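The values are calculated or read from the model by the stated rules, or taken from the named source; none is laboratory data. Please read these numbers as outputs of a predicted model, since none were measured by experiment. FYI the Cβ positions are ideal-geometry reconstructions off the backbone, even for glycines, and counts take in every protein chain you see. Side chains are part of the model used for accessible areas, which takes the heavy atoms of the whole protein and leaves out ligands, DNA and RNA. Shrake-Rupley method; radii C 1.70, N 1.55, O 1.52, S 1.80 Å.
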Amino acid sequence: MIQPPEGYLGADGPLGSGPSPELVAAGYRLEVADAAILHEGLCLADLCHVVELVAAGVAPRAAATALCRELLDFLDTDPASFPYDPVYGDAYNSRERELERRLGSQAGWLPTGRTRREAGRIAIRLALRDRLLALHEAVAACTEVLVGRSEELADALWNDTTYLQPAQPSTFGHYLAGFAEQGIRNLDRVRHCYRLINQSPAGSGGVGGTPIPVDRSRMAARLGFDQPTAHIRDGMWSGDPMIDCGVAAMQAALAVDRLAEDLEIFASPQFGYVTLGGSSSRASVLLPQKRNPYALAVVRGGCGTLIGRVTGLMVTQRTPSARTDNWLHLYGEVVGAAELGTRLVRLATEVVRSLEVNVARLAADAGTNFTTATDLADRLVLERGLDYRSAYRVVARAVAQAARAGEEQVSASRLADAARAAGFEPTGSVPAKSEPDMDDVAAMVASRDSIGGSAPRRVLEHCASVSLRVRHSRDWGTASRAAQDAARESLITEATALAQSHTSGGGGSRAGSADRLP
């Protein structure tokens with residue numbers, strides 16, 4: 001038998017032993033590593049529980065007063081200074097041990113009608129709510145910066161690409177605005193996750209409730225949750241809402257990663273489309289001419305790490321229901337995922353804000369590499385009534401002939417020759433001469449005037465729509481933060497009042513109706 005540490009829970013019961021050093025190193029230490037993340041939430045969960053025990057007429061007011069006094073002191077203590085000790089197990093056990101040291105048997109009222117798991121589940125939700133709002137704000141800020149740059153570059157011509165191959169003339173503003181639209185979807189994802197998380201496990205008891213007459217709705221309101229979890233066992237053991245939070249953080253990072261992947265190519269001298277600001281770059285130790293796009297490497301590497309973390313979290317969920325192993329790594333990993341995603345999005349925001357765009361270089365390449373070919377085929381359809389597949393074959397043949405001849409444009413004669421080779425008479429089927437606007441790349445871009453298209457007015461229209469949606473989402477974030485803060489302040493005020501109260505009936509008396517909190 002391993003000698004148990006003083007106060008080790010279970011040593012005087014079925015365990016009969018302290019934990020092995022191996023269990024402490026591999027298991028308990030992992031749980032205590034999350035103490036800093038959970039510390040405030042555990043304090044608020046404990047305070048809420050004590051206040052509710054008094055309101056329900058269960059706990060003696062004297063014990064509740066003492067507990068609230070010590071728990072408020074816990075709340076004011078830096079987690080790094082708190083005596084969290086892995087030898088006792090998870091963070092909750094260390095807290096209970098410290099309360100017993102300070103209060104003796106009065107501390108025994110705290111676990112009335114709940115497991116340590118309940119406190120932890122509340123704490124992780126409180127911690128995640130805060131991180132989700134931070135992520136939401138980071139995505140909103142990034143989206144707004146993308147909108148600003150998109151508006152600035154709404155008529156900056158360039159050759160858009162697919163598969164990194166020249167595709168069609170467009171504008172760089174239209175390109176950037178696509179990432180802004182992804183930002184809107186990521187804001188939606190974060191709000192959805194917040195709604196999943198913002199449900200209270202308080203008052204759950206064991207696996208199906210508790211006979212202790214606590215009011216779950218009242219406890220949820222005290223903690224600033226929208227409502228209690230609808231099913232106690234599900235709310236206590238199902239980790240999928242936490243996984244959704246990790247996925248939302250990963251998606252937010254993945255959106256800016258895609259942009260970073262492009263910008264690293266566009267920033268190379270071979271392209272010369274953009275230059276990263278000096279604040280987003282790093283010098284080479286050896287090569288004095290280099291301007292390394294270091295921020296992009298951080299975004300890309302961080303996103304890959306985040307994908308790995310979230311994948312690992314998903315794998316750990318493959319357990320029978322109501323198990324510990326699907327939660328053992330969850331607390332720290334999902335909070336870490338949200339924080340990493342937020343940092344990456346903030347970094348990408350600064351990259352976009354300080355990005356120098358070589359508008360002249362972009363415009364010089366616009367329309368080259370036969371990227372007007374699709375517009376030419378469309379023109380044959382619209383002006384000559386040719387079906388698109390036939391028009392496609394005519395233009396493709398003309399492009400191939402021009403390329404073999406070292407030409408950079410498809411002339412009218414090339415087009416006529418291609419039409420004849422395809423079995424069409426050029427008269428009435430192809431333009432007799434090159435149309436002036438066919439060489440006008442700006443006119444081609446402006447002709448794509450459907451909703452969401454590359455026409456500059458449509459880009460500006462889309463940017464205005466994104467800005468409006470971001471404002472609405474930010475209003476939600478502001479209201480959610482205010483609700484959180486108000487609930488926290490109210491709970492602390494209520495607990496402080498109880499901590500400062502005095503009883504006349506002695507420390508052992510139960511709370512009568514006159515002593516119940518409203």
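Within the range 115-139, being of a type in the set (Lys, Arg) and at pLDDT below 95 holds for Arg116, Arg117. Residues in the range 179-216 that are buried (at least 16 other Cβ atoms within 10 Å of the Cβ) and farther than 30 Å from Ala322 by Cα: Phe179, Ala180, Glu181, Gln182, Gly183, Ile184, Asn186, Leu187. Residues in the range 277-293 that are in a loop (DSSP other than H, G, I, E, B) and farther than 20 Å from Glu144 by Cβ: 9 in all. In this structure, Asn292 does not qualify as under 30 Å from Glu152 (Cβ atoms), out of contact with any His (no Cβ under 8 Å at 6 or more places or on another chain), at pLDDT 95 or above and of a type in the set (S, T, N, Q). Within the range 225-242, being open to solvent by less than 60 Å² (accessible area, probe 1.4 Å) and in a helix (DSSP H, G or I) holds for Ile232, Gly235, Met236, Trp237, Pro241, Met242. Within the range 329-367, take every residue that is β-branched (Val, Ile, Thr) and either surrounded by fewer than 22 Cβ atoms within 10 Å (Cβ to Cβ) or closer than 18 Å to Val145 by Cα (or both) and give me the one that is nearest to the chain's Cα centre (by Cα). The selected residue is Thr342.
Conditions tested, residue by residue: (1) touching a strand residue (DSSP E or B) at 6+ places or on another chain (Cβ under 6 Å); (2) modelled with pLDDT of 95 or more; (3) within 30 Å of Leu103 (Cβ to Cβ).
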residue: His462; (1), (2), (3): no, yes, no
residue: Val466; (1), (2), (3): no, yes, no
residue: Ser473; (1), (2), (3): no, yes, no
residue: Arg481; (1), (2), (3): no, yes, no
residue: Ser490; (1), (2), (3): no, yes, yes
residue: Ser513; (1), (2), (3): no, no, yes
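Annotation for the range 243-266: no member residue is open to solvent by less than 20 Å² (accessible area, probe 1.4 Å) and not in a helix (DSSP H, G or I).
If the condition is being surrounded by 14 or more Cβ atoms within 10 Å (Cβ to Cβ) and assigned to a helix (DSSP H, G or I), then the range 315-328 contributes Thr316, Asn326, Trp327, Leu328.
Within the range 144-151, is even one residue more than 30 Å from Val247 (Cβ to Cβ), open to solvent by 40 Å² or more (accessible area, probe 1.4 Å) and either more than 11 Å from the chain's Cα centre (by Cα) or of a type in the set (A, V, I, L, M) (or both)? Yes, the range 144-151 has at least one match.
Which condition number does Phe370 fail, the rest of (1) open to solvent by 50 Å² or more (accessible area, probe 1.4 Å); (2) not in a helix (DSSP H, G or I) being met? Going through (1) open to solvent by 50 Å² or more (accessible area, probe 1.4 Å); (2) not in a helix (DSSP H, G or I) one by one, Phe370 breaks only (1). Among the residues of the range 388-445, those that are surrounded by fewer than 20 Cβ atoms within 10 Å (Cβ to Cβ), in contact with a Lys or Arg (Cβ under 9 Å, 6 or more places away or on another chain), modelled with pLDDT of 85 or more and among the small types (Gly, Ala, Ser) comprise Ala402, Ala405.
Of the candidates Glu408, Glu339, Glu356, the single residue that is within 30 Å of Leu133 (Cα to Cα), acidic (Asp, Glu) and in contact (Cβ under 8 Å) with a residue 12 or more places away in the chain is Glu339.
What residue, of Ala63, Ala45, Ala55, is closer than 24 Å to Ser501 by Cα, surrounded by 21 or more Cβ atoms within 10 Å (Cβ to Cβ), at pLDDT 95 or above and more than 41 Å from the chain's Cα centre (by Cα)? Residue meeting the stated conditions: Ala63. For the range 131-147, give me the residue count where each residue is farther than 14 Å from Val352 by Cβ and in contact with an Asp or Glu (Cβ under 9 Å, 6 or more places away or on another chain). Result for the range 131-147: 3.
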